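Asks: Before I ask anything, let me first share the structure, which is written out below as structure tokens.
Only the coordinates and a few stated rules stand behind these numbers; no lab work does. If you're wondering where the values come from, they're calculated on a predicted model, not measured in any experiment. All Cβ positions, glycine included, derive from the backbone under ideal geometry; neighbour counts span all protein chains shown.
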Amino acid sequence: MMERRKTMMRTSLFGLTAVVAAVIVLAACATKGDGDAQADRITLSSSATAKTVEHKGTGYGINELPEWISEYLDRGVPGVESLADYKGKYCFVAEEQGPALQQLLTWVNNFNAQQQIGATINTRVASVFKANESLVPDNADSQRAYSNAINTLFTATYTGARKEADWWLKQVISNRGEPDETRYTAIALYSIDRNILNDQIAARVEELKAGNTELDAAFNAVSATILERGLEWE
């Protein structure tokens, strides 16, 4: 059962982009006699198939998908962060596809985690700012400064990220009436200690203060939330 699940998840990550023709069937919402509604059902079918012919573990006799990839496919980044190996860390996952393995290995080795960290901060910190926006003074300048703060944090530089793992695979994509396509996919996992990133974000928020007592109180609340709870997924 576990092997079947992992095989299905391999197809989910590395075969989904190979779908050339998909038919989406939506069943209308049917209402039962007791008033409860049955959820819409969505089914997918494809004329394309993706066959994995080689991967990073092939030469070592490894046939199981790494646990962090399984968790990423199943629950996204929060799933990866729930693993014991990454306790107390923020994780960042990036994926790239191309026609040549060496090209993707170069991408893995030269990957800059800064952009991925910025995107994650942009997503996670938004909820923290939203929760404290009632503290912002009701004037245009303060509202604008508070809104622009998220973009400032997004573009800031953060240090301490490290590569935890990577994986690649080679697939042959087949579709009736078309030549087979060979495709490589690489996926990389980076992490940074939660306390290190929390402290850096709080320091950046501190730099946003401009002497407006009420607005600075809102920034203080943001910093306090980040230092206490971290950047939580919504």
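Asks: Determine the alpha carbon to alpha carbon distance for each of Lys130/Lys209; Lys56/Lys89; Lys87/Lys209 and list only those over 28 Å.
Replies: Working: Lys130/Lys209 18 Å; Lys56/Lys89 25 Å; Lys87/Lys209 32 Å.
Cα-Cα > 28 Å for Lys87/Lys209; rest within.
Asks: Using Cα positions and a limit of under 18 Å, work out the aspartates and glutamates in reach of Lys170, with same-chain residues fewer than 8 apart set aside.
Replies: In chain and number order, the partners are Glu54, Glu64, Glu95, Glu96, Asp180, Glu181.
Asks: Give a residue-ordered list of calculated ³J(HN,Hα) values for segment 197-210 (Karplus: 6.51 cos²θ - 1.76 cosθ + 1.60, θ = phi - 60°; whole Hz; x for Gly, Pro).
Replies: My calculation for segment 197-210 gives 6, 4, 5, 5, 5, 4, 5, 5, 5, 4, 5, 7, 5, 9 Hz in order.
Asks: Amide H to amide H, which residues 5 or more places from Ala48 or on other chains are under 5 Å from it, using H placed in the peptide plane?
Replies: So Ala48 has HN proximity to Val20, Ala21.
Asks: Oh, and also: Report, in whole Å, the centroid distance computed from the Cα atoms of segment 154-188 and segment 124-142.
Replies: 37
Asks: Further question: Computed over the Cα atoms, what is the radius of gyration of segment 55-174 divided by 2.2 N^0.38 Å, N being its residue count? Walk me through the numbers before you get to the answer.
Replies: On the way: Rg = 19.1 Å, N = 120, 2.2 N^0.38 = 13.6 Å.
Rounded to two decimals, the normalised Rg is 1.41.
Asks: Order of 215-223, 153-161, 175-183 by packing, highest average Cβ count within 10 Å first?
Replies: Ranked by mean Cβ neighbours within 10 Å, highest first: 215-223, 153-161, 175-183.
Asks: Over segment 49-229, what is the relative contact order in percent, taking alpha-carbon pairs closer than 8 angstrom and at least six residues apart?
Replies: Details: 236 pairs, mean separation 54.6, N = 181.
Normalised by residue count, the contact order of segment 49-229 is 30 percent.
Asks: If the chain between Gln103 and Arg144 were fully stretched, how many nm would it gain, using 0.36 nm times the residue separation less the Cα-Cα distance? Could the numbers behind the result be given before it?
Replies: On the way: separation 41, 0.36 × 41 = 14.76 nm, distance 4.28 nm.
Extra length from Gln103 to Arg144 when fully extended: 10.5 nm.
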